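The values are calculated or read from the model by the stated rules, or taken from the named source; none is laboratory data. Every value quoted in this text rests on a predicted model; they were computed, and no experiment measured them. No Cβ is skipped: glycine too gets one built from the backbone with ideal geometry, and neighbour counts run over all protein chains shown.
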Amino acid sequence: MRTRVISASLAGCTALVLSLTPAHAATPDLGRQTLAAGDGWASEGPGTTGGAAADAAHTHTVRTWAEFKAALAAGGTAPRIIRVVGTLNATEGGCEAFEVDGYDFARYLADYDPAVWGYDTPVSGPQEDLRAASAKRQAASIKAYVPANTTIVGVGKGAGITGGSLQIRGVDNVIVRNLSLESPLDCFPQWDPTDGATGAWNSEYDAMVVYGSTHVWIDHNTFTDGRYPDSSLSRYYGEIYQQHDGELDIVRGANHVTASWNVFADHDKTLMIGNSDSAAATDAGKLKVTLHHNLFTGVVERAPRVRFGQVDAYNNHYVVKEGQSYAYSFGIGHESRLYAEKNAFTLPEGVGAGKILKKWKEAPLTAVDNRVNGRTVDLIAAHNAVNPGNPLQSGAGWIPTLRARVDDPRAVPGLVGQRAGAGKVC
């Protein structure tokens, strides 16, 4: 495909099908916009139209989390548009609102202190049971299940969700655009003394999960930890009290997904495609995902980590901040077939290009015309130079064809920096 350099003023205006929007409309109706033909894997086959055909009875404007969940539950599978105004708070009552009678975190810490419990046996007993019951309450409250044929769109520049987890599970044809999504904070992480040599706190809840769903377009959203960065979290038993999981997971047979012009910022385990090496029954031949014109800034790892899928990652900008923890960007996992082209990487002094790829399992990939600090770098060769005993193989075995536009990688930092994220869609 021919590379084009397009002016920054047009960069964020992803090509759209506007057949349902009157040609004379002065301001485009984001709820009626659909994914353009050829714009990534979500355009495959019938494409992705979300709720663009919704009638008045299935067009909702919501201002609270309760209104949002009610709009998702109403009307069966008829096309629907949900317009989000302002910030919806899924945890207005705080963690105390989810605690069951008898749960006491101080008692939990005392009961499972490694000095008492040790590191050999998973925790069990009354306080673990009460923790699990409290966690179940939180899950029921903050998980919002998105039905088929739905468009969720933020209104203006200040729309978003805090503390909620969008669950796109087992459905087809969903669009989510123009939202600032603050990662949900797990109120009740579980202590696992058997996780590693010194145990670990494990949390639940991603900001968004695409689970067994097809034809999903995720566009112009901003994913962050918001008010609760990992640096603000406490430590118990010498380990960080981890209350975050991922920002976006695409798992369990999900297929034909396009994530475009999003910002993923300041997070650890950011974006996972395929969640288990043993999931061939559901994942083999699926997990086809396109990632283009996204900004990954200040993230530690999984941008993405891939199992099984044919993932097309192009024109993304990866920014590693000075002094941040950084593990890798692309994780090469079981039976994955990543095609990484024309991406830009901005690395600080002391972080080499050999860290960009991480090999988890033997799986070939294609990495061409990627730039690191403005210079073209062979990412596979850079990895292999610092990992001579565990080299990666070149050649994903497929060539992406579903690309609406491809920019010169030299233009990507400026284009993505100006146009990616919530509040910048046109």
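Summary table
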item	result
Filter result for Glu322 (of a type in the set (Asp, Glu), within 25 Å of Ser183 (Cα to Cα) and crowded, with 19+ Cβ neighbours inside 10 Å)	no
Flag if Val351 is in a loop (DSSP other than H, G, I, E, B), of a type in the set (Val, Ile, Thr) and touching a Ser or Thr at 6+ places or on another chain (Cβ under 9 Å)	no
Test for Ser165: is it touching an Asp or Glu at 6+ places or on another chain (Cβ under 9 Å) and under 18 Å from Thr64 (Cα atoms)	yes
Hits in segment 216-232 - residues which are touching a residue at least 60 places away in the same chain (Cβ under 8 Å), under 22 Å from Thr48 (Cα atoms) and not polar (S, T, N, Q)	Val216, Trp217, Asp219, His220
Positions within segment 1-59 being at pLDDT 95 or above, among the hydroxyl-bearing types (Ser, Thr, Tyr) and buried (at least 19 other Cβ atoms within 10 Å of the Cβ), in sequence order	Thr34, Ser43, Thr48, Thr49
Residues that are assigned to a helix (DSSP H, G or I) and in contact with a strand residue (DSSP E or B) (Cβ under 9 Å, 6 or more places away or on another chain), drawn from segment 118-151	Glu128, Arg131, Ala132, Ala135, Ala139, Ile142
Residues within segment 377-426 that are farther than 18 Å from Ile332 by Cα and touching a Pro at 6+ places or on another chain (Cβ under 8 Å), tallied	1
Segment 119-140 residues that are under 12 Å from Asp101 (Cβ atoms), paired with ones that are assigned to a loop (DSSP other than H, G, I, E, B) (beta carbon under 6 Å, 6 or more apart)	Leu130/Val100; Leu130/Gly102; Leu130/Tyr103; Ala133/Val100; Ser134/Glu99; Ser134/Val100; Ser134/Tyr103; Ser134/Phe188
Enumeration of residues in segment 45-96 that are farther than 24 Å from Gln138 by Cβ, part of a helix (DSSP H, G or I) and either touching a Lys or Arg at 6+ places or on another chain (Cβ under 6 Å) or of a type outside the set (Gly, Ala, Ser) (or both)	His58
Residue satisfying condition, being among the aliphatic types (A, V, I, L, M), touching a residue at least 40 places away in the same chain (Cβ under 8 Å) and touching a Lys or Arg at 6+ places or on another chain (Cβ under 7 Å), within set Ala411, Ala344	Ala344
Residues of segment 351-409 that turn out to be surrounded by 14 or more Cβ atoms within 10 Å (Cβ to Cβ), under 17 Å from Ala313 (Cα atoms) and of a type in the set (Val, Ile, Thr), as a count	7
Test result for Arg177, among the basic types (Lys, Arg) and either on the phi > 0 side of the Ramachandran plot or more than 21 Å from the chain's Cα centre (by Cα) (or both)	no
Sole exception among (1) within 21 Å of Val257 (Cα to Cα); (2) of a type in the set (S, T, N, Q); (3) over 19 Å from the mean Cα position of the chain (by Cα) for Ser141, by number	(1)
Segment 310-325: number of residues that are touching a Lys or Arg at 6+ places or on another chain (Cβ under 7 Å) and in a loop (DSSP other than H, G, I, E, B)	1
Residue within segment 266-277 that is assigned to a strand (DSSP E or B) and of a type in the set (Val, Ile, Thr) present	yes
So Arg235, is it over 30 Å from Arg107 (Cβ atoms), surrounded by fewer than 22 Cβ atoms within 10 Å (Cβ to Cβ) and charged (D, E, K, R)	no
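Listed here are the residues, each with its yes/no results for (1) at pLDDT 95 or above; (2) surrounded by 22 or more Cβ atoms within 10 Å (Cβ to Cβ); (3) closer than 27 Å to Ala420 by Cα.
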{"position": "Leu179", "(1), (2), (3)": "yes, yes, yes"}
{"position": "Trp201", "(1), (2), (3)": "yes, no, no"}
{"position": "Pro229", "(1), (2), (3)": "no, no, yes"}
{"position": "Gly246", "(1), (2), (3)": "no, yes, yes"}
{"position": "Asp249", "(1), (2), (3)": "yes, yes, yes"}
{"position": "Asn255", "(1), (2), (3)": "yes, yes, yes"}
{"position": "Phe264", "(1), (2), (3)": "yes, yes, yes"}
